[in-house]
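Q: This is the structure I have questions about; it appears just below.
The values are calculated or read from the model by the stated rules, or taken from the named source; none is laboratory data. The structure displayed is predicted, hence computed values, not measured ones. Don't worry about glycine lacking a Cβ; one is built from the backbone with ideal geometry, like all the others, and counts go over all protein chains shown. For accessibility, only protein heavy atoms count, side chains too; no ligands or nucleic acids. Shrake-Rupley method; radii C 1.70, N 1.55, O 1.52, S 1.80 Å.
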Amino acid sequence: MKLQDLENSWIHQFAKPFIIAGPCSAESEAQMLETARGIRESNANVPVFRAGIWKPRTKPNGFEGVGVIGLGWLKKIKEEYGFLTATEVANAHHVAAALEANVDILWIGARSTVNPFTVQEIAEALKGTDKVVLVKNPVNPDLALWIGALERLAGQGVTNLGVIHRGFSTYQKTKYRNVPNWQIALDFKNQLPNIPVIVDPSHICGNRTGLAGVTQEALNVGYDGAMIETHCTPDEAWSDAAQQITPQVLAELIANLELRTSDISAFDDEMGRHRTLISDLDFQLIELLSQRMKISERIGGLKKENSIAIFQPQRWKVITEYAQQKADESGMSVEFIEKVFKAIHEESIEVQNSI
Ligand code: PEP
Ligand code: MN
């Protein structure tokens, strides 16, 4: 079965945004039931309840999940509160146990997606299943690896697929726990428009304050929904306490989301006018850049004839200074203009080098 040919129509049974909520980890039957009851009673539209049964932890000797006993709790939640259920699987044993317990949605975690052997093992254990399988992005920003995991699943006849963007790991200190990359998200959508995409703001943020903003950004770029860690008493959670929210806060977050559609028919004319202007400016930008490169090429010729080094730090300093000043005067982000000029300068050097 080819990935491009899959319809993945499973997503259409759910209202948008499609929300999966529940604790990072299943801890006890009481914690699971209390969280499920809270989400139900908040009246938020949450069709799927999640809980990690087996937890991939960075260091050993911590809480690594309650194991198969938690699958019984998920079953109970399905019966008592009518949720569909979801959990992470990381090897063939997990898959067998989750299928046996009739979990509805299985996901492959970020630490598993990086490993083709693991993904292949999981895919083979899932052979021919009609369950929904969601693939989190690998921890590193590698689109091919992410798509490769989906191809392995499709190769085993798993046809109800989706992906979860949970951000990418970095050693740098940022405001995120795992940095989101909306460009990769869009590249993904361009290559595989039929695969539903969901955001996991909890593992992107690592805290509670950023969740609503990241979820909204994802919806703005056309995401179908979100998986949000929710716990009856977040501060007491056994894993990822800092990023979990109560069912009440979850309901408020969902209520405040603004839905956008990709259907522009209602204001087609106005949009059309703006887009014509944008395209026209784009053509001018390209024409100007081409003229700039031609001059740069002439300068390159002069440097070569006179044996002068291509890179002239003094000149580059002058350019960055006027670019920054102009950006500032025109009310644009200086950082953005710096990036643009860096790219132009790199290309210039490339052109001069090739003379
Ligand atoms: C999780 O969803 O609980 C989890 C472990 O996430 P990730 O695989 O994105 O780290
Ligand atoms: Mn977690």
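Q: Contour minus end-to-end for residue 190 and residue 286, with contour as 0.36 nm per residue of separation and end-to-end as the Cα-Cα distance?
A: So the extension gain works out to 32.2 nm.
Q: Using a 1.4 angstrom probe on heavy atoms only, work out the carbon and sulfur share of the accessible area of the range 148-219 in %.
A: Heavy-atom surface of the range 148-219 belonging to carbon and sulfur, 1.4 Å probe: 47 percent.
Q: Once phi is turned into θ = phi - 60°, what whole-Hz ³J(HN,Hα) does the Karplus curve with 6.51, -1.76 and 1.60 give for every residue of the range 220-229, x standing for Gly and Pro?
A: Per-residue couplings from phi come out as 4, 9, x, 5, 8, x, 8, 10, 10, 5 Hz.
Q: Over the chain, give the accessible area per residue in Å² for a 1.4 Å probe, as an integer.
A: Roughly 53 Å² per residue, with all protein chains present.
Q: Something else about it: Say the cut-off is 24 Å between C-alpha atoms; which of 16/76; 173/317; 131/189 go over it?
A: 16/76; 173/317
Q: Tell me, what is the percent relative contact order of the range 1-123, built from C-alpha pairs under 8 Å that lie six or more residues apart?
A: 20 percent
Q: Moving on. Which value, in debye to the nearest 20, describes the size of the charge dipole of the range 240-355 about its Cα centre when Lys and Arg Cβ atoms bear +1, Asp and Glu Cβ atoms bear -1, and nothing else is charged?
A: The calculation lands at about 820 debye.
Q: Once amide H atoms are built 1.01 Å from N in the peptide plane, which residues 5 or more positions from residue 164, or in another chain, come under 5 Å H to H?
A: Distant-sequence amide H within range of residue 164: 135, 136, 137, 198.
Q: What's the angle, to the nearest 10 degrees (0 to 90), between helix 334-353's Cα axis and the longest principal axis of the chain?
A: Tilt of helix 334-353: around 60 degrees.
Q: Here's another thing I want to ask about it. In sequence order, what are the phi-derived ³J(HN,Hα) couplings for the range 135-140 according to the Karplus relation 6.51 cos²θ - 1.76 cosθ + 1.60 with θ = phi - 60°, rounded to whole Hz, with x for glycine and proline?
A: Whole-Hz 3J(HN,Hα) from phi for the range 135-140: 10, 6, 5, x, 4, 9.
Q: Helix 313-329 versus the longest principal axis of the chain: what angle, 0 to 90°, nearest 10, using Cα atoms?
A: Long axis of 313-329 versus the principal axis of the chain: about 70 degrees.
Q: Something else: When the chain is treated as a GNM, springs tying every alpha-carbon pair under 10 Å, which of 173, 303, 59 comes out with the largest mean-square fluctuation?
A: Maximum fluctuation in the GNM of the chain, among the listed residues, is at 303.
Q: Now, a different point. Determine ³J(HN,Hα), in whole Hz, for all residues of the range 104-120 in sequence, where each value follows from phi through the Karplus function 6.51 cos²θ - 1.76 cosθ + 1.60 and θ = phi - 60°; x replaces Gly and Pro.
A: With coefficients 6.51, -1.76 and 1.60, one gets 7, 10, 10, 10, 9, x, 4, 6, 8, 4, 5, 10, x, 5, 5, 4, 4 Hz.
Q: Helix 268-305 against the longest principal axis of the chain: what's the angle in degrees, Cα atoms only, rounded to the nearest 10?
A: The two axes meet at around 50 degrees.
Q: Taking the Cα centre as origin and putting +1 on Lys and Arg beta-carbons and -1 on Asp and Glu beta-carbons, what dipole magnitude results for the chain, to the nearest 20 debye?
A: With Lys and Arg at +1 and Asp and Glu at -1, about 820 debye.
Q: Can you list the residues, at least 5 places off or on another chain, whose amide H is less than 5 Å from the amide H of residue 107, using H built in the peptide plane?
A: For residue 107, whose amide H was placed from the backbone, the distant partners under 5 Å are 87, 88, 89, 134.
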